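In what follows, a structure is listed as structure tokens, so that the remarks can point back to it.
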Amino acid sequence: MKKFSIKNQQGYAILFSIVLISAISIITAGLSNSAYKQIILSSLAKDSQVAFYQADTASDCAFYADLIKAGQDPTFFTIPDTSWSCGGYDLRIVPVIGDPNGDYSLLEPEALTEARSPCFNIIVDKEKGKDIDGNDIIQTNMKAKGYNICNKNNPRTVEREIEINY
């Protein structure tokens with residue numbers, strides 16, 4: 001009878017398989033992490049664009065209100081909760097209480113209830129002053145803030161602001 005000798009090479013295939021699977025798992029985890037970061041970055045760019053367009057719409061509506069509506073009716077901004085439409089949005093005027101300059105804010109009434117929709121807020125500050133010739137002028141400062149979602153406490157909320165002085 002012939003005896004077979006057992007060599008110490010058993011388990012080499014298992015060790016090689018574990019090392020190979022570990023290397024593939026590390027590469028897969030790295031690629032997944034990179035892809036996840038790219039998805040977050042691309043959604044942030046989209047959210048930023050939505051917020052900027054909201055701020056741009058807000059600034060256009062503020063110009064329209066200040067130059068056209070107030071030009072036709074000087075008491076337009078003095079009546080609290082006056083509603084009007086601009087760019088497909090129903091807006092509400094909120095005068096700054098006790099301000100003699102006529103400062104006001106423009107808000108979307110439905111934006112206060114729908115926290116997932118884009119919205120904007122406009123703050124208009126008017127200051128009386130004089131130009132270089134000594135004539136009385138009114139300096140207007142508009143701050144139009146746009147948001148991708150109206151919930152300001154959500155960490156995914158992006159705010160963009162456009163400031164206009166004239």
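The values are calculated or read from the model by the stated rules, or taken from the named source; none is laboratory data. Quantities reported herein were computed from a predicted structural model and do not represent experimental measurements. Counting neighbours? That spans all protein chains shown, and the Cβs are built from the backbone with ideal geometry, glycine included.
Test GLY134 against the criterion of being at pLDDT below 80, more than 30 Å from LEU44 (Cα to Cα) and small (Gly, Ala, Ser), and give yes or no. In short, no. Restricting segment 133-155 to residues that are farther than 13 Å from TYR166 by Cβ and free of Cβ contacts under 8 Å to residues at least 12 places away in the same chain leaves a set whose member that is surrounded by the most Cβ atoms within 10 Å (Cβ to Cβ) is LYS152. Among residues that are touching a Ser or Thr at 6+ places or on another chain (Cβ under 6 Å) and either surrounded by 12 or more Cβ atoms within 10 Å (Cβ to Cβ) or modelled with pLDDT under 80 (or both), ARG116 is not included. Checking every residue in segment 55-72 against the condition of being on the phi < 0 side of the Ramachandran plot, polar (S, T, N, Q) and modelled with pLDDT of 85 or more gives at least one match. Counting the residues of segment 115-166 that are outside any strand (DSSP E or B) and of a type in the set (Asp, Glu) gives 2.
Can you tell me which residue within segment 146-158, out of those that are in contact with a helix residue (DSSP H, G or I) (Cβ under 6 Å, 6 or more places away or on another chain) and not hydrophobic (A, V, I, L, M, F, W, C), is nearest to SER42 (Cα to Cα)? So the residue we want is ASN148.
Mind checking which residues of segment 16-72 are small (Gly, Ala, Ser), loosely packed, with under 14 Cβ neighbours inside 10 Å and under 30 Å from ASN121 (Cβ atoms)? SER42, SER43, ALA45, GLY71, listed by residue number.
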